[in-house]
Amino acid sequence: GDTERGYFHYDMEDSKIRVICVNSADLKDISPNSPQNGHHVSAEQLAWLVDTLDMTGLDEWGVIVLAHHPIHWDGAMENVLTILDAYVAGTSGSVTADSQIVSYDFSGKNAAKLIATFHGHTHNLIYGKSGTSEIIRFCTPNACYDRNNEYGNATAYPDATFRGKYGETTTYAKTKNSKTDTAFVVYTID
């Protein structure tokens, strides 16, 4: 990976889990006037993702993918979802990014199970399935009080898609820079 560009992976060998961190705002080579508007996954990163998803012979392993933006959103994450779908299905094909073609072939290379994808951005406890392979996706709630939760406003976002799942009409209110705290969101995988 390229930790300076914000994408990398690490293997938890004792747990047999590969964690892949995708930078969905990889803007290093994007001009300030670009229509990407903060969402971009470079061709270089997509090629790295294809290589990182080679799980040949690791049938006891699982894979988790982390990104800021959800995989079911149009734009930069479309190519990531296409590649993840192909990984699950064990198929081949290509995507185009930055006017470059990135090819993939997961035939016999998809031994590990893709467990789920996790994202932030909306920071509400929403979840679902995406792509033709129905990849499980979870949104990580923003537990930190030092950030506005613009998606929690029921007037601006009346669609329940951006609200929590525990009956509240809006998510927890926060005002930027009004608190200092340390917060964690913990997921366990069985």
For residue 105, only one of the following conditions fails: (1) without any contact (Cβ under 8 Å) to a residue 12 or more places away in the chain; (2) more than 19 Å from the chain's Cα centre (by Cα). What is its number? (1)
Could you please find all residues in the range 112-134 being out of contact with any helix residue (DSSP H, G or I) (no Cβ under 6 Å at 6 or more places or on another chain) and open to solvent by 40 Å² or more (accessible area, probe 1.4 Å)? 113, 115, 125, 127, 129, 134
Quick one: how many residues across the range 92-107 are out of contact with any strand residue (DSSP E or B) (no Cβ under 6 Å at 6 or more places or on another chain) and open to solvent by 60 Å² or more (accessible area, probe 1.4 Å)? 5
Neighbours by Cβ (under 6 Å, 6+ apart or cross-chain): first from the range 67-78, touching a residue at least 24 places away in the same chain (Cβ under 8 Å) and closer than 21 Å to residue 100 by Cα; second outside any loop (DSSP other than H, G, I, E, B) and among the charged types (D, E, K, R): 71/137
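Name the single residue, out of those in the range 78-89 being under 12 Å from residue 110 (Cα atoms) and in contact with a strand residue (DSSP E or B) (Cβ under 9 Å, 6 or more places away or on another chain), that is surrounded by the most Cβ atoms within 10 Å (Cβ to Cβ). Give the steps one after another, and end with the answer.
Taking the range 78-89 first, the residues under 12 Å from residue 110 (Cα atoms) are 83-89.
Retained after the next criterion (residues that are in contact with a strand residue (DSSP E or B) (Cβ under 9 Å, 6 or more places away or on another chain)): 83-88.
Working: 83: 24, 84: 26, 85: 20, 86: 24, 87: 24, 88: 18.
In this case the residue turns out to be 84.
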Given the condition at pLDDT below 95, part of a helix (DSSP H, G or I) and open to solvent by 20 Å² or more (accessible area, probe 1.4 Å), answer yes or no: does some residue in the range 19-41 qualify? no
Quick test for you: out of 85, 74, 105, pick the one residue that is acidic (Asp, Glu) and either farther than 19 Å from residue 47 by Cα or at pLDDT below 95 (or both). 74
Within the range 135-145, can you find the residues that are of a type outside the set (A, V, I, L, M, F, W, C), crowded, with 19+ Cβ neighbours inside 10 Å and at pLDDT 80 or above? 137
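The values are calculated or read from the model by the stated rules, or taken from the named source; none is laboratory data. Everything quoted here is computed from the prediction, not taken from an experiment. All Cβ positions, even for glycine, are placed from backbone atoms using ideal geometry, and neighbour counts span all protein chains on display. Accessible surface is based on the protein model in full, side chains and every heavy atom, while ligands, DNA and RNA are left aside. Shrake-Rupley method; radii C 1.70, N 1.55, O 1.52, S 1.80 Å.
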